[in-house]
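Heads up: the structure comes next, in structure tokens.
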Amino acid sequence: MKKIAILDDFQRVALQSADWSPLATRAELTVFSDHLDDQDALAARLAPFDAVCLMRERTPLRAELLERLPRLKFIGSNGARNLSIDVPAAQRLGIQVSATSGKGNGAPELTWALLLAAARQLPAEQASLRAGGWQTGLGVDLEGSTLGLLGLGQIGARVARVALAFGMNVIAWSPHLTEEAAAAHGVTRVDKTTLLRTSDWLSLHLVLSERSRHIIGPAELELMKPAAWLINTSRGPLVDEAALIEALNRRSIAGAALDVFDQEPLPTGHPFRRMDNVLATPHIGFVTRETYRGFYGETVENLLAWLDGAPIRLMSG
């Protein structure tokens, strides 16, 4: 019997999100709903397992940790890519790393949930109503305002379609975006400086890489309008977190709506948990019922293929 660990099942839904029964006579499943950051504790927890199943980037598996897990031979990761896994190190150690497909609607839908909540001050209005109060402030109109998209790939293009339906002016920039590609989505390509200076709402939709890390830093935040909001449902390190906190404290921008952070789970004492101009959610862009069914269903398929010695959808390094 192989021993398989399912990590970071925060909602305790992994076993209900897929049919794991084909593994019943071949493997012993252990589900962990808590999260460990301490590497010694994590190494001790994972030492008995032949395979681990990850939910996205919640638990990083770096070379130093993988080298402490000689029994580990399979990593089942959800999603097409996972930068928190040292795939070359895993390959060197003889560990197969599988990938899954995924739905593309979660992040753009949450982007709009955050943007609309910020525009209409929903957290403050709900708090007032529950406390016995009534209206507390003025919302802002989306129609006629400018949405700036930093990235116009699959997710950015979905966000753009909704913005156009709201009657917003949509502009975009990314290092390789052309005017023709932008126009195909009804969007105007601008340079980066114009994007920052013009946007009432700046939404980030880039893949995190060494080139895109901190693509929004002190200089970029300084260019933004005092009334502008920054929305990030992509990856936390796209933004220089310290610079963003400083800008929010100085009120040089109006606010930030964030679903992703440098460190996750977000530390309990983090400023984002208490700042009144931050609307924050705990990385739930992909946390939907249908997405989980797809992720875990394909993970089961990959595990069965691994046990059978059959071809697996492998994650590239």
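The values are calculated or read from the model by the stated rules, or taken from the named source; none is laboratory data. If you're wondering where the values come from, they're calculated on a predicted model, not measured in any experiment. Here the Cβ is made from the backbone with ideal geometry for all residues, glycine too, and neighbour counts use every protein chain on show.
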Query raised in the report: Which residue, of Leu36, Leu42, is surrounded by 13 or more Cβ atoms within 10 Å (Cβ to Cβ), without any contact (Cβ under 8 Å) to a residue 24 or more places away in the chain and outside any loop (DSSP other than H, G, I, E, B)?
Result: Leu42
Query raised in the report: So, of the residues in the range 104-114 that are in contact with a helix residue (DSSP H, G or I) (Cβ under 9 Å, 6 or more places away or on another chain) and in a helix (DSSP H, G or I), which turns out to be surrounded by the most Cβ atoms within 10 Å (Cβ to Cβ)?
Result: Thr111
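Let's see how each residue does on (1) surrounded by 22 or more Cβ atoms within 10 Å (Cβ to Cβ); (2) modelled with pLDDT of 95 or more; (3) part of a strand (DSSP E or B):
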| residue | (1), (2), (3) |
| --- | --- |
| Leu164 | no, yes, no |
| Gly167 | no, yes, no |
| Gly186 | no, yes, no |
| Glu210 | no, no, no |
| Glu222 | no, yes, no |
| Pro226 | no, yes, no |
| Leu244 | yes, yes, no |
| Ala256 | yes, yes, yes |
| Val260 | yes, yes, no |
Report task. Answer yes if at least one residue in the range 263-283 is crowded, with 19+ Cβ neighbours inside 10 Å, at positive phi and out of contact with any strand residue (DSSP E or B) (no Cβ under 7 Å at 6 or more places or on another chain), and no otherwise. Result -> yes
Report task. Give the residues of the range 259-297 that are more than 17 Å from Glu57 (Cα to Cα) and within 20 Å of the chain's Cα centre (by Cα), sorted by residue number. Result -> Thr268, His270, Pro271, Phe272, Arg273, Val278, Leu279, Ala280, Arg289, Glu290, Arg293
Report summary line: Among Asp19, Asp50, the single one that is out of contact with any Cys (no Cβ under 9 Å at 6 or more places or on another chain), crowded, with 16+ Cβ neighbours inside 10 Å, outside the structural domain of Pro265 (by TED's automatic domain parsing) and in contact (Cβ under 8 Å) with a residue 12 or more places away in the chain is Asp50
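The rows are residues; the columns are (1) more than 21 Å from Ala119 (Cα to Cα); (2) within 24 Å of the chain's Cα centre (by Cα); (3) assigned by TED's automatic domain parsing to the domain that holds Ala118.
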residue	(1), (2), (3)
Gly151	yes, yes, yes
Ala160	no, yes, yes
Asn169	no, no, yes
Thr188	yes, no, yes
Thr194	yes, no, yes
